[in-house]
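Any read-out appearing in this document is the output of simple, stated calculations on the displayed coordinates, not a laboratory observation. Predicted, not measured: the structure shown is a model, and the values here were computed from it. Note: ideal-geometry Cβ built from the backbone for every residue, glycine included; neighbour counts use all protein chains shown.
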Amino acid sequence: MKFKIRMSHYGFTMTELLVAMGISGIVMASTYSVYYSHQKTYVAQEQVVAMQQNLRAAMYFMEREIRMAGCDPIQSADSGIVTADGNSIRVTLDITDDAATGPPDGDTDDTDEDITYSLAGSDLMRNDVNGAGNELIAENIDVLDFVYLDGAGAVLATPVASPEAIRSVQITLVARTDREDRGYTNTAAYTNQQATQILAAQNDRFRRKRLTTQVRCRNLGF
């Protein structure tokens with residue numbers, strides 16, 4: 001017995017094609033939406049991580065050198081905090097010799113012995129008077145804030161008229177991301193450790209982070 005297979009010569013109807021295209025479009029749109037959302041989250045997280053690393057590196061440099069302010073093993077360098085302003089600080093220390101290879105030599109005329117930290121626009125700068133001069137430490141810094149305390153923990157008015165009275169320095173940095181996050185609005189205001197506002201709400205699309213610490217200047221007050 002022979003069986004005949006009947007072949008249909010008809011294709012898809014227009015309605016079927018439209019339905020298939022509609023379903024495909026919905027699936028593709030959903031897939032793109034998920035991809036876009038994940039990509040946006042990844043970019044935002046990447047920006048925040050870069051900002052945090054920027055902050056930590058900047059704070060590390062300042063904290064280390066401000067803590068060493070007044071280092072004077074030979075007791076002849078007259079080192080210490082030279083100028084103390086609300087957004088800049090100059091410190092001196094005796095840690096090496098003229099060749100920057102030997103022990104302290106009794107002056108602050110050598111590399112890394114006369115340092116100023118200040119903000120130029122949104123760039124945190126380190127000025128090594130006897131060395132490389134102005135160096136960029138961190139970018140996208142909105143605020144550099146210093147608060148100075150005496151031995152009793154009292155806040156000294158800035159600029160500090162008698163820097164020799166300083167025993168501790170509170171440092172506060174506010175950094176922002178390099179790019180805007182279009183799905184985010186920053187309405188936060190930022191303060192230092194004294195609860196003084198140092199940056200009003202910008203109401204923009206930049207993410208920001210505050211980092212603050214208090215440094216005990218262990219070489220001062222002797």
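Filter region 185-222 down to residues that are of a type in the set (Ser, Thr, Tyr) and over 18 Å from the mean Cα position of the chain (by Cα) and give me whichever is nearest to CYS71 (Cα to Cα). If you could, list the steps in order and put the result at the bottom.
Taking region 185-222 and keeping what is of a type in the set (Ser, Thr, Tyr), we get 185, 187, 190-191, 196, 212-213.
Now narrow it down to the ones that are over 18 Å from the mean Cα position of the chain (by Cα): 185, 187, 196.
Details: THR185: 45, THR187: 42, THR196: 31 Å.
It comes out as THR196.
Scanning region 129-138 for residues that are crowded, with 16+ Cβ neighbours inside 10 Å and either within 13 Å of the chain's Cα centre (by Cα) or assigned to a strand (DSSP E or B) (or both) yields ILE137, ALA138. Just one of the numbered conditions (1) loosely packed, with under 14 Cβ neighbours inside 10 Å; (2) without any contact (Cβ under 8 Å) to a residue 60 or more places away in the chain is not true of GLY151: (2). Against the numbered list (1) over 15 Å from the mean Cα position of the chain (by Cα); (2) over 18 Å from TYR117 (Cβ atoms); (3) surrounded by 13 or more Cβ atoms within 10 Å (Cβ to Cβ), ARG182 comes up short only at (3). If the condition is being part of a loop (DSSP other than H, G, I, E, B) and either surrounded by 15 or more Cβ atoms within 10 Å (Cβ to Cβ) or free of Cβ contacts under 8 Å to residues at least 24 places away in the same chain (or both), then region 160-178 contributes VAL160, ALA161, SER162, ILE166, ARG167, THR177. Given the condition acidic (Asp, Glu), buried (at least 21 other Cβ atoms within 10 Å of the Cβ) and closer than 21 Å to GLU164 by Cα, answer yes or no: does some residue in region 100-108 qualify? Scanning region 100-108, I find no residue that is acidic (Asp, Glu), buried (at least 21 other Cβ atoms within 10 Å of the Cβ) and closer than 21 Å to GLU164 by Cα, so the answer is no.
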